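Single-structure report; data block below.
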Amino acid sequence: MLRTSLRLPVKILPQPDETTCGPTCLHAIYNYWGKREALGEVIARTGKLESGSGTFAVFLACDALRNGFQTTIYTYNLMMFDPTWFVAGVDIAERLRLQREAKTDARLRHATEGYLEFLSLGGRLRLSDLSHQLIHGLLRRGLPVLTGLSSTYLYRTAREHGPEDTPDDVRGFPAGHFVIMAGYDSDKHTVLVADPYGPSQEYWSNIDRVLGAVLLGIVTHDANLLVIHPPRQQATASATG
């Protein structure tokens with residue numbers, strides 16, 4: 001019989017500033033898998049976009065790959081990936097290179113560089129229906145889910161405007177954010193969110209709202225799930241230890 005509730009022991013620190021939610025989440029995942037290092041080191045290593053507005057999940061995934069982890073990205077970003085690429089025989093790296101030549105959007109081209117590195121390092125891309133079952137299945141396997149989503153939708157806050165990200169419901173634009181899904185309660189239809197932003201770093205939220213926020217993350221080139229697996233030998237040791 002499947003468990004109706006689950007809570008993984010993910011501990012997350014507050015993010016140091018408005019743009020470091022991504023590496024702060026990555027640091028929490030590393031800590032979960034027993035990789036101990038200072039948060040500042042992870043932030044310095046993963047860097048920021050040229051605009052200074054945070055990062056993309058793929059660059060967090062590349063850092064994990066370079067540190068010996070396995071990674072899988074479940075993507076819902078149709079601005080980056082065409083659904084027809086996720087069938088046997090399609091070389092996604094080749095399609096990304098062709099798209100890079102055909103489109104001029106700077107953020108898309110920058111993210112493309114990250115995905116090409118991700119694939120060359122052995123990262124895996126998946127296109128799967130975003131559902132309760134997918135999230136529950138990953139968490140039951142002991143895999144926290146780092147996700148890029150729409151904070152505007154998740155928090156129901158005003159859109160943001162200007163270099164200081166000032167709330168402005170008229171001139172503002174939707175904002176992106178990274179959190180970790182670390183547990184679920186299927187009876188209450190909730191998911192446990194480890195969130196580096198705000199006064200509380202952990203709370204339960206309606207799972208449909210969180211999944212909606214993931215899909216709406218496409219507005220800020222998020223809309224993805226990043227699952228980081230330990231090296232196979234470490235995973236086996238953890239399972240038998």
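The values are calculated or read from the model by the stated rules, or taken from the named source; none is laboratory data. In this text the structure is predicted, and so the values were computed from the model without any measurement. Virtual Cβ from ideal backbone geometry, glycine too; neighbours counted across all protein chains shown.
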Tally, over the stretch 73-91, of residues that are surrounded by 11 or more Cβ atoms within 10 Å (Cβ to Cβ), over 18 Å from Thr147 (Cα atoms) and either of a type in the set (S, T, N, Q) or under 20 Å from the mean Cα position of the chain (by Cα) (or both) | 2
Hey, any hits in the stretch 118-138 for a residue that's under 28 Å from Leu211 (Cβ atoms), of a type in the set (Asp, Glu) and surrounded by 13 or more Cβ atoms within 10 Å (Cβ to Cβ)?
-> no
For Gly89, indicate whether it is within 20 Å of Leu125 (Cα to Cα) and free of Cβ contacts under 8 Å to residues at least 60 places away in the same chain.
-> yes
Helices (runs of 4 or more DSSP H) contained entirely in the stretch 38-144, each with at least 2 residues that are under 30 Å from Gly162 (Cβ atoms) = 39-46, 57-66, 106-120
Determine whether the stretch 191-212 contains at least one residue that is small (Gly, Ala, Ser), under 18 Å from the mean Cα position of the chain (by Cα) and part of a helix (DSSP H, G or I).
-> yes
Residue pairs within 6 Å by beta carbon, gap of at least six or interchain, first lying in the stretch 20-40 and without any contact (Cβ under 8 Å) to a residue 12 or more places away in the chain and surrounded by fewer than 24 Cβ atoms within 10 Å (Cβ to Cβ), second of a type in the set (Gly, Ala, Ser) and not in a helix (DSSP H, G or I), listed first then second, are none
Cβ-Cβ below 8 Å, separation at least six or inter-chain, first residue in the stretch 1-19 and at negative phi, second assigned to a loop (DSSP other than H, G, I, E, B) and exposed (fewer than 11 other Cβ atoms within 10 Å of the Cβ): which pairs?
-> Thr4/Asp187; Ser5/Asp187; Thr19/Gly52
Go through the stretch 167-190 and count every residue that is part of a strand (DSSP E or B) and over 12 Å from the mean Cα position of the chain (by Cα).
-> 7
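Yes/no per residue for (1) in contact with a helix residue (DSSP H, G or I) (Cβ under 8 Å, 6 or more places away or on another chain); (2) farther than 23 Å from Leu8 by Cα:
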| position | (1), (2) |
| --- | --- |
| Leu116 | yes, yes |
| Ser131 | yes, no |
| Val145 | yes, no |
| Asp185 | no, no |
Scanning the stretch 1-37 residue by residue, those assigned to a loop (DSSP other than H, G, I, E, B) and more than 19 Å from the chain's Cα centre (by Cα) turn out to be Met1, Leu2, Arg3, Thr4, Gly34, Arg36, Glu37
Which residues, counting only those in the stretch 182-235, are among the aromatic types (Phe, Trp, Tyr) and either on the phi > 0 side of the Ramachandran plot or buried (at least 20 other Cβ atoms within 10 Å of the Cβ) (or both)?
-> Tyr184
The stretch 41-78, residues that are touching a helix residue (DSSP H, G or I) at 6+ places or on another chain (Cβ under 7 Å), of a type in the set (A, V, I, L, M) and without any contact (Cβ under 8 Å) to a residue 24 or more places away in the chain = Val42
Within the stretch 160-207, the count of residues that are polar (S, T, N, Q) and either at pLDDT below 95 or within 18 Å of Val219 (Cα to Cα) (or both) comes to 3
